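Here the structure comes first, spelled out in structure tokens, and everything after it is commentary.
Just so it is clear, none of the values below were taken in a lab; they were calculated from the coordinates. On a predicted model such as this, the values are computed, not experimentally measured, just so you know. Note that we place each Cβ from the backbone using ideal geometry, even for glycine, and neighbour counts take in every protein chain shown.
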Amino acid sequence: MKRALPDLTIAPPVEGEKVTIVFHADGRQYDLPVLGGTHGPKVIDVRPLYAETGYFTYDPGFMSTASCDSAITFIDGERGILLHRGYPIEELAAHADFLEVCYLLLYGKLPTQSELKQFDDLIGHHTMVHEQFKRLFEGFRRDAHPMAVMVGTVGALSAFYHDKIDITDPEARMVATHRLIAKMPTICAMAFKYSLGQPFLYPRNGLGYASNFLRMAFGIPAQEYVVSPVLARAINRFLVLHADHEQNASTATVRIAGSSHANPYACVAAGITALWGPDHGGANEAVVNMLEEIGSKDRIPIYIKRAKDKSDPFRLTGFGHRVYKNYDPRAAILRESCHEVLAELGKNEEPLFALALELERIALDDDYFVQRKLFPNVDFYSGIMLRAIGFPKAMFPSLFALGRTIGWIAQWKEMIEAPDQHIARPRQRYTGHPIRPYLPLAER
Ligand code: ACO
């Protein structure tokens with residue numbers, strides 16, 4: 001049955017539409033062109049501003065600034081809508097295999113059966129890592145954070161696969177893209193296995209992306225690992241929900257790193273570092289830490305009070321989002337996944353999940369959160385699901401990175417292939433000391 005699609009405004013370019021800026025000090029006026037998009041607000045094209053007026057615009061944190069054109073993902077944060085290449089996230093999460101979504105993000109269309117088979121074979125060709133790559137892991141402490149290991153090992157891919165890092169060659173770009181999609185589950189599982197002191201498992205092609213990853217993460221050579229279809233479906237969904245989210249901090253980092261024509265492995269390693277922070281992909285780990293600290297439902301009011309207190313640095317992690325001023329659609333789906341996974345594992349009474357549900361209920365009934373439009377984001381429920389499956393908290397951000405790799409690499413490819421690609425070079429408002437002469441050491 002086809003679901004009715006939300007009615008989204010279309011903002012087509014209007015021939016000749018302009019905005020006039022007036023400098024009241026001297027009455028000068030300048031016209032700036034206005035550009036339309038498919039959906040979402042129109043944008044004022046400020047590119048000629050500095051050359052024509054000598055002024056910069058000022059927007060730290062990119063509150064009102066579009067940094068690029070992109071045809072990959074659209075978010076309507078006010079209404080809680082997320083589309084990939086035009087398809088609503090709810091439909092992709094319900095029906096699509098993660099590799100289908102990878103194909104969609106990369107090539108702009110859903111694959112036919114034969115295209116998907118061919119893509120699956122191509123990815124399968126690259127799932128193993130160089131044998132010497134394993135030795136890299138031995139350089140890390142066993143108790144290193146898996147994200148630290150991921151940054152180092154993913155960055156090192158350019159040292160192992162330097163045959164195809166000429167980013168001006170479309171074929172080399174595509175091979176690097178396939179390698180990243182294929183090797184990330186292997187590397188992510190290796191980071192986990194290394195932390196446990198268990199042997200690495202080779203990938204098993206043909207199992208499917210999510211099942212292969214689960215087997216590499218939880219299997220051991222001594223016995224056969226039987227993949228639970230419910231857990232495979234939950235991981236598939238988790239990956240689909242994390243696949244892309246337009247110009248977030250880590251994706252913008254990948255684009256900025258790539259704008260200097262750095263190789264894609266180095267760019268994705270940069271994305272992993274940006275993702276690691278607790279305000280971004282590290283939030284899934286921080287949410288579970290917070291829920292453990294709260295401990296029981298009767299202590300929720302204390303933490304709600306702290307979250308509202310401006311003199312207290314505590315914030316309700318997993319709540320709020322720069323773009324969503326409504327329920328994050330991914331959080332709603334992950335909450336359902338929590339129910340499914342916990343039922344499959346016989347953990348229906350999981351206290352952390354009950355605590356999270358109650359915290360959500362209380363927060364969404366509180367004026368502070370209502371007025372500021374603070375709703376659960378993607379990280380609020382994901383950690384509870386991953387923990388139930390058997391991943392330790394420290395692995396959560398690495399799993400986010402595994403899902404987001406396709407978004408990073410699709411956005412990197414789009415940026416490199418854009419006809420007007422330039423190195424990203426923000427400007428600044430200088431607030432330092434005025435010019436002054438150097439004083440020799442003896443005179444200071
Ligand atoms: N708990 C309590 N208050 C909050 C929270 C929160 N989680 N989030 C925002 N607020 C308040 C702010 O104090 C501010 O209040 P004020 O207007 O009275 O000063 C107001 O809501 C607006 O918040 P900003 O920080 O200006 O919003 P911004 O868009 O810069 O931040 C962010 C978004 C970083 C996600 C923020 O909501 C936050 O810190 N959330 C908790 C961390 C988190 O869950 N991060 C994951 C984000 S999703 C992702 O990256 C995958």
For the chain, one quarter of the surface area of the C-alpha convex hull, expressed in nm², comes to 29.0
Just Pro185, Pro419, Pro111 to compare: in a GNM of the chain, with alpha carbon springs under 10 Å, which one fluctuates most?
Pro419
Which of the lysines could a cross-linker bridge to Lys373, judged by Cα under 28 Å and excluding same-chain residues fewer than eight apart?
Lys42, Lys297, Lys305, Lys308, Lys310, Lys325, Lys393
Sorted on mean Cβ neighbours within 10 Å (highest first), peptides 316-329, 17-30, 390-403 come out as 390-403, 316-329, 17-30
Rank Glu344, Glu293, Glu246 by mean-square fluctuation in a GNM of the chain with C-alpha springs under 10 angstrom and give only the top-ranked residue.
Glu293
For the Cα atoms of the chain, what angle does the longest principal axis make with the long axis of helix 229-242, in degrees from 0 to 90, nearest 10?
10
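Efficiency by 1/(1 + (r/R0)^6): what FRET value for Arg436 and Ser64, r their Cβ-Cβ distance, R0 = 51 Å, to the nearest 0.05?
Details: r = 35 Å, r/R0 = 0.69.
Once rounded, the FRET efficiency stands at 0.90.
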Of every Cα-Cα pair in the range 1-128, the percent that sits beyond 24 Å:
51
Stretch gain in nm, segment Leu8-Ile423, where the contour uses 0.36 nm per residue and the Cα spacing is subtracted
146.1 nm
Rounded to 0.05, the calculated FRET efficiency for the beta carbons of Leu345 and Ile220 at R₀ = 25 Å is 0.85
Extension length gain for Leu116 and Phe23 (0.36 nm per residue less Cα distance), in nm, is 27.9 nm
Checking the a/c ratio against 1.5 first, then a/b against b/c, what shape does the Cα gyration tensor give for the range 209-358?
oblate
Net charge near Lys193 (other residues with Cβ under 12 Å of its Cβ; Lys, Arg +1; Asp, Glu -1) is +3
Backbone N within the range 103-138 under 20 Å of label point (7 Å from His162 Cα along the Cβ vector):
129-137
Calculate the tail of P(r) for the range 183-298: the fraction of all Cα-Cα distances greater than 24 Å, expressed in %.
43
Directionally averaged shadow of the range 22-65, computed from the convex hull of its alpha-carbon atoms, nm²:
3.9
How long, wide and thick is the range 76-207, going by the Cα atoms along their three principal axes, in whole angstroms, largest first?
45, 36, 30
Report, in debye and to the nearest 20, how large the dipole of the chain comes out about its Cα centre when Lys and Arg carry +1 and Asp and Glu carry -1 on their Cβ.
840
Distance in nm between pseudo-label sites at Ala354 and Asp143 (7 Å out along the Cβ direction from Cα)
3.3
Rounded to 10°, Cα long-axis angle of helix 396-416 versus longest principal axis of the chain
50
Selection from Ala331, Leu352, Ala71, by position along the positive dipole direction of the chain (Cβ):
Leu352
For the range 381-444, using Cα atoms only, the Rg and Dmax in Å read 23.8, 66
So, in Å, what gap is there between the alpha-carbon centers of the range 180-217 and the range 270-312?
29
For the range 327-397 the mean separation of alpha carbon contacts under 8 Å (6+ apart) over residue count, i.e. relative contact order in percent, is 49
Within the range 50-103, list the chymotrypsin sites (Phe, Trp or Tyr not before Pro) lying in a DSSP loop whose Cβ has at most 10 other Cβ atoms in a 10 Å radius.
Tyr58
GNM top mover of Glu340, Glu360, Glu138 - the chain, alpha-carbon springs below 10 Å:
Glu138
